[in-house]
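Q: After the structure tokens below, expect a handful of questions from me.
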Amino acid sequence: MGAIILDHPLAHHKLTLARDRKTSGSLFRQLVEELGLLLAVECTRDLPTVCVVVETPLERTQGRSLNPLDPVLVPVLRAGLGLLPAFLQLLPTAKVGHLGLYRDHDSLVPVPYYRNFPPLLEERPVFVLDPMLATGGSASEAVRQLKAAGARQITLASVVAAPEGIARLQADHPDLRIVVAAVDRQLNERGYILPGLGDAGDRIFGTA
Ligand code: PRP
Ligand code: URA
């Protein structure tokens, strides 16, 4: 499945501000959240709906409601937490799972350290949130763990992806939907995305 790339003037504008090294931590966090809203709209495009009857102040009519089985949001700690408020704003009843992974600095292999998933994963749409898709190791491991726990309909939302990360996910998980704001040029020798955003977790949480 090919990656879906947001092509929207607001996404271009906010991403350009987020790339700027002079952008403060608080503005960076706000921009990631705003990009999260745009990603959330695109990610939820195919959510199933059911027909319902509603009484307006004037008459009875038909409408559509989201399927009552709430979706699941899984931010990959830490940086994925930056996208969570936007997704929760649009999906306020979603269940939230957490997955702690950090990338080993030398090997770039993801190291799992925390996991807490809600029940009924097999029946719910699952959205994995991580602003950065670099080598794809972390996202691939997140999807592997979710599939092992039963999830079947999984979408990854990322702000910036490297072509290498998309290729890795397409090989490891051909059924995964990938929605990104941008696909950048390449990875550098330390596994950072070029031109990229730098270390998203450090910029969101002020730990640089
Ligand atoms: C970053 C990012 C992804 C991962 C991407 O997390 O948020 O999870 O790296 O790299 P990959 O595609 O090569 O696996 P990091 O390990 O820096 O942890 P952090 O979010 O706690 O800063
Ligand atoms: N993680 C980040 O935060 N940034 C990158 O460029 C790659 C991995």
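Bear in mind that the values in this text are calculations on the coordinates, not laboratory data. Predicted, not measured: the structure shown is a model, and the values here were computed from it. Every residue, glycine among them, receives a Cβ derived from its backbone with ideal geometry; neighbour counts consider all protein chains shown.
Q: Would you calculate a helix-derived [θ] at 222 nm for the chain, using -39,500 (n - 2.57) for each DSSP H run of n ≥ 4 and dividing by the full residue count, to the nearest 500?
A: -9500 deg cm²/dmol
Q: Working from the pairwise distances between different alpha carbons, so that the mean of 1/r is found and then inverted, what is segment 7-76's Kirkwood radius in Å?
A: By the Kirkwood definition, the hydrodynamic radius is 15.3 Å.
Q: What is the local net charge at L17, summed over the other residues whose Cβ is closer than 15 Å to its Cβ (Lys, Arg +1; Asp, Glu -1)?
A: +3
Q: Which percent of Cα-Cα pairs in segment 163-208 sits in each 5 Å bin, short to long?
A: For segment 163-208, the pair-distance distribution reads 5, 18, 22, 21, 20, 10, 4, 0.
Q: Further question on the same structure: What does the extension gain come out to for S26 and R144, with contour length at 0.36 nm per residue minus their alpha carbon separation? Kindly include the intermediate steps, with their values, before the conclusion.
A: Details: separation 118, 0.36 × 118 = 42.48 nm, distance 3.27 nm.
Full extension from S26 to R144 adds 39.2 nm.
Q: Given contacts defined as C-alpha pairs under 8 Å and at least six residues apart, what's the relative contact order of the chain, whole-number percent?
A: Numbers: 413 pairs, mean separation 48.3, N = 208.
RCO, the chain: 23 percent.
Q: Let me ask something else about it. Cα centroid distance between segment 1-27 and segment 98-138, in Å?
A: 22 Å
Q: Which residues in segment 178-200 place their backbone N less than 20 Å from a point set 7 Å from the Cα of L10 along the Cα-to-Cβ direction?
A: 179-183
Q: May I ask what percent, to the nearest 5, of DSSP beta bridges between residues of the chain are antiparallel?
A: On the way: 15 of 38 bridges.
Close to 40 percent.
Q: Roughly speaking, what is the stretch gain from D202 to V52, that is 0.36 nm per residue apart minus the C-alpha to C-alpha distance, in nm to one decimal?
A: On the way: separation 150, 0.36 × 150 = 54.00 nm, distance 4.49 nm.
Additional length available on full extension: 49.5 nm.
Q: According to the square roots a ≥ b ≥ c of the eigenvalues of the Cα gyration tensor, what is the shape class of segment 74-152, taking rounded for a/c under 1.5, prolate for a/b larger than b/c otherwise, and oblate for the remainder?
A: Numbers: a/c = 2.19, a/b = 1.41, b/c = 1.55.
In terms of gyration-tensor shape, oblate.
Q: If you don't mind, another one. Taking the Cβ of D202 as the center, what net charge do the other residues with Cβ under 13 Å away carry, scoring Lys and Arg +1 and Asp and Glu -1?
A: Within the 13 Å Cβ shell, the charges total +4.
Q: Once Rh for segment 1-127 is found with the Kirkwood sum over Cα pairs, what is the Stokes-Einstein diffusion coefficient at 4 °C and 1.567 mPa s, in µm²/s?
A: Values: Rh = 17.2 Å.
Translational D for this selection: 76 µm²/s.
Q: If we sort 56-65, 129-138, 32-41 on the protection proxy, mean other Cβ atoms within 10 Å, highest first, what's the order?
A: In descending order of packing, they fall as 129-138, 32-41, 56-65.
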